[in-house]
Amino acid sequence: MDQSAASDRYSYNPTLHWNPQVEEYFIKAYGAEAFNRISKALTRPSCYSCIRVNTLKTTTEAVIEKILEIQREKRLKDTLKNLETNYDVDISESVKSPTSETNPVLKCQIPGLDYVVFVKGSGPHDIQYDYQQDKPPKEVIVSRKCAEAVLRGAQVYIPGILACSAHVEKGEKIAVSVGIEQPGRDGGWAIGITRGIVLQGQKTDPQYLERDGMYIGQGIATMSRAGIFRDLSGLGVDMTDRVFRLDSFNDVMKGDIFLQNLPSIIAAHVLDPQQGERILDMCAAPGGKTTAIASLMKDTGEVIAVDRSHNKVIEIHNLAAELGLNNIKPYKLDALKSVNSNIINGNLTQTEDIGGLTSQVAKAASFINGNLSSPTAEEKICALSSSDKVSIPNDEQRRKGQYTSKREERKETRRLKNGPGRHHSTGGRVDKCEGFPPNSFDRVLLDAPCSALGLRPRLFAGEETVESLRKHGKYQKRMLDQAVQLVRPGGVLVYSTCTINPGENEGLVRYALDTYKFLSLAQQHPRIGGPGLLGHYESSDGYSEEWLRPGEEDLVQRFDPSGPHDTIGFFIAKFNVGPKDA
């Protein structure tokens, strides 16, 4: 292999392989040239980290100064490493404050977003892998998910390593490439790499051609090859030279900052939450937008955050506690069952009292916070199946013979003595909820589960088919039907996704406007995204899709991953809710 061929091989130049029908659909929506730009942009990370400052605990200026200090310390550490092999390095030059041309840390200039900080990165860079004729560099292949994280600044951890060259020892320099799913014999997709196989670096390797243009950097092995495949966790490769260089903020300034994509921050702003309001985040995990909303409300009012996953609800609990937010109430609830029509005028109907459940719920709710006052219907609903939230009875309750086990009393004593545990005050349990009455929220955010085809970097897309994309759209319509019922007349509904699929974006807007005449598109602030797509789509199998009509395109925000703002692919629509009896 000559040097030019080696340069082509040991590079990062991936191509997204789409399902042919999906590619045809997107080309009709965007045009071939625009879709090619989008497809290429998706394979690369945004060249900056977007940080949301928790202004309830600190200031933007303090965070910027801390980041600059971290950068100075990192440069000094790197310089001291280089001194081991190069004595001509000038330490004084290395620890100077970064200039705007080298490592810029910038406050967002978008009006109203002065609590957002951008930390610029760089790339793609050419990496020197020290290729020699008939002596390829030692290397590891990592999984696609691992590689996508590394491209965003993470390290290579052992679970992500699939294969490794022979005779790798601790401290050796090692090239890192990524294994991408390939079509299998059964028509599905698989990596086709058995964990632990030996890489020879020769053309006889089964994955040799697949690795062309898929090298994401190089680093230092933290253990031998045997250790990598013997251990189950820990750091496997310490990345020292990356194709994309982005600062890592893992476990840095916890509670003071939160890493979040710019369009997600804007979606919370577009909702325009007001202090004292009651707001619902329907698909809230892991809680980024939930906490953004709560912060904009200055920790007042009430933000209900629901998710159907037990563990994800715990994540919301933990993030809210980490950021010091008290107005967030997370519940385990399937968003498709968000509306409970058995609540009428604040009371449960008789049909809810099945097998004495209503009385049990009322008792459970009456114990909350030691308060014996009559619970609201919603408290009854949310106390149902929430056996984890039993408080210690007060003296009056004990006199009346109401009983709580000593186990609960001991647990409460430990909580008071030791403070929040690993899962904070929930003890690892979550509150379940059976839904909410119609018209019970001032504003609702539906950041719907979607095909996620706008997330970056993305190294694989072939698994999505036109059928799966259509299923996403149907699922989102059912969620929208729930959301519309929960917003009070005069309220606001915001719908967002992180996909480039028009069927899940403009198609959902069309459905909402045509189905619910009391909905109308509203102006969005701030607005940095582009217009939505006009027109419609018809496929050869008779399927048709209606998108936006003239005059509606500038009332939504579509974020183009190949656009000047270098964001993920994202979509936001904001609806005003009019009188529902009209």
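Would it be correct to say that THR204 is open to solvent by 10 Å² or more (accessible area, probe 1.4 Å), within 32 Å of the chain's Cα centre (by Cα) and farther than 30 Å from GLY121 by Cα?
Details: open to solvent by 10 Å² or more (accessible area, probe 1.4 Å): yes; within 32 Å of the chain's Cα centre (by Cα): no; farther than 30 Å from GLY121 by Cα: yes.
Here the answer is no, as THR204 does not meet what is asked.
For residues in region 200-239 being touching a Pro at 6+ places or on another chain (Cβ under 8 Å) and assigned to a loop (DSSP other than H, G, I, E, B), which is nearest to ARG9 (Cα to Cα)?
The first filter runs over region 200-239 and keeps only residues touching a Pro at 6+ places or on another chain (Cβ under 8 Å), leaving 201-202, 213-214, 218, 232-233.
Then keep just the ones that are assigned to a loop (DSSP other than H, G, I, E, B); that gives 201-202, 213, 232-233.
Values: GLY201: 11, GLN202: 12, GLY213: 5, LEU232: 31, SER233: 30 Å.
Residue satisfying both the conditions and the ranking: GLY213.
Just to verify a result, which residue in region 19-52, among those that are modelled with pLDDT of 95 or more and part of a loop (DSSP other than H, G, I, E, B), is farthest from the chain's Cα centre (by Cα)?
Going through the qualifying residues, I end up with GLY31.
Kindly check whether there is at least one residue in region 554-566 that is aliphatic (A, V, I, L, M) and not in a strand (DSSP E or B).
Keep residues of region 554-566 that are aliphatic (A, V, I, L, M), which gives 555-556.
After this cut, where a residue has to be not in a strand (DSSP E or B) as well, the list is 555.
Checking region 554-566: at least one residue is aliphatic (A, V, I, L, M) and not in a strand (DSSP E or B).
Return yes or no: is VAL492 out of contact with any helix residue (DSSP H, G or I) (no Cβ under 6 Å at 6 or more places or on another chain) and not assigned by the TED database to the domain that holds PRO183?
Details: out of contact with any helix residue (DSSP H, G or I) (no Cβ under 6 Å at 6 or more places or on another chain): yes; not assigned by the TED database to the domain that holds PRO183: yes.
Judged against the criteria, VAL492 is a match.
For region 303-339, which positions are under 16 Å from the mean Cα position of the chain (by Cα) and among the aliphatic types (A, V, I, L, M)?
ALA305, VAL306, VAL313, ILE314, ILE316, LEU319, ALA320
State yes or no: is PRO420 out of contact with any Pro (no Cβ under 7 Å at 6 or more places or on another chain) and either crowded, with 20+ Cβ neighbours inside 10 Å or modelled with pLDDT under 90 (or both)? Let's see the steps before the verdict.
Values: out of contact with any Pro (no Cβ under 7 Å at 6 or more places or on another chain): yes; either crowded, with 20+ Cβ neighbours inside 10 Å or modelled with pLDDT under 90 (or both): yes.
In short, yes.
I want to confirm something. Restricting to region 167-188 and keeping residues that are touching a Leu at 6+ places or on another chain (Cβ under 9 Å) and of a type in the set (A, V, I, L, M, F, W, C), which single residue is farthest from GLU148 (Cα to Cα)?
Of everything passing the filter in region 167-188, ILE180 is farthest from GLU148 (Cα to Cα).
For region 1-49, enumerate the residues that are among the hydrophobic types (A, V, I, L, M, F, W, C) and either without any contact (Cβ under 8 Å) to a residue 24 or more places away in the chain or touching a strand residue (DSSP E or B) at 6+ places or on another chain (Cβ under 6 Å) (or both).
Answer for region 1-49, where residues must be among the hydrophobic types (A, V, I, L, M, F, W, C) and either without any contact (Cβ under 8 Å) to a residue 24 or more places away in the chain or touching a strand residue (DSSP E or B) at 6+ places or on another chain (Cβ under 6 Å) (or both): ALA5, ILE27, ALA32, PHE35.
Kindly check whether there is at least one residue in region 128-140 that is in contact (Cβ under 8 Å) with a residue 40 or more places away in the chain, in contact with a strand residue (DSSP E or B) (Cβ under 6 Å, 6 or more places away or on another chain) and more than 18 Å from PHE229 (Cβ to Cβ).
Within region 128-140, one or more residues are in contact (Cβ under 8 Å) with a residue 40 or more places away in the chain, in contact with a strand residue (DSSP E or B) (Cβ under 6 Å, 6 or more places away or on another chain) and more than 18 Å from PHE229 (Cβ to Cβ).
What number goes with the only condition from (1) touching a Ser or Thr at 6+ places or on another chain (Cβ under 8 Å); (2) open to solvent by less than 20 Å² (accessible area, probe 1.4 Å) that ALA175 does not pass?
Evaluating ALA175 over (1) touching a Ser or Thr at 6+ places or on another chain (Cβ under 8 Å); (2) open to solvent by less than 20 Å² (accessible area, probe 1.4 Å) leaves (1) as the failure.
What residue, among those in region 240-257 that are among the hydrophobic types (A, V, I, L, M, F, W, C) and either part of a loop (DSSP other than H, G, I, E, B) or in the same structural domain as TYR495 (by the TED database) (or both), is nearest to GLN218 (Cα to Cα)?
Of all residues in region 240-257, those among the hydrophobic types (A, V, I, L, M, F, W, C) come to 243-244, 246, 249, 252-253, 257.
Among the residues that remain, those that are also either part of a loop (DSSP other than H, G, I, E, B) or in the same structural domain as TYR495 (by the TED database) (or both) are: 243-244, 246, 249, 252-253.
Details: VAL243: 9, PHE244: 12, LEU246: 15, PHE249: 20, VAL252: 24, MET253: 28 Å.
Ranking the candidates gives VAL243 first.
Enumerate the pairs (first residue in region 163-181 and assigned by the TED database to the domain that holds ARG195 and closer than 18 Å to PRO457 by Cβ; second residue anywhere and among the hydroxyl-bearing types (Ser, Thr, Tyr) and surrounded by fewer than 24 Cβ atoms within 10 Å (Cβ to Cβ)) with beta-carbon separation below 6 Å, excluding pairs fewer than 6 apart on the same chain, so at least 6 apart or on different chains.
Final answer for the pair search is SER177/TYR215.
The values are calculated or read from the model by the stated rules, or taken from the named source; none is laboratory data. Computed from a prediction, not measured in an experiment: that's the story for all the values here. Cβ sites come from the backbone with ideal geometry, for glycine too, and all protein chains shown count toward neighbours. Note: areas computed on protein heavy atoms with side chains; ligands, DNA, RNA excluded. Shrake-Rupley method; radii C 1.70, N 1.55, O 1.52, S 1.80 Å.
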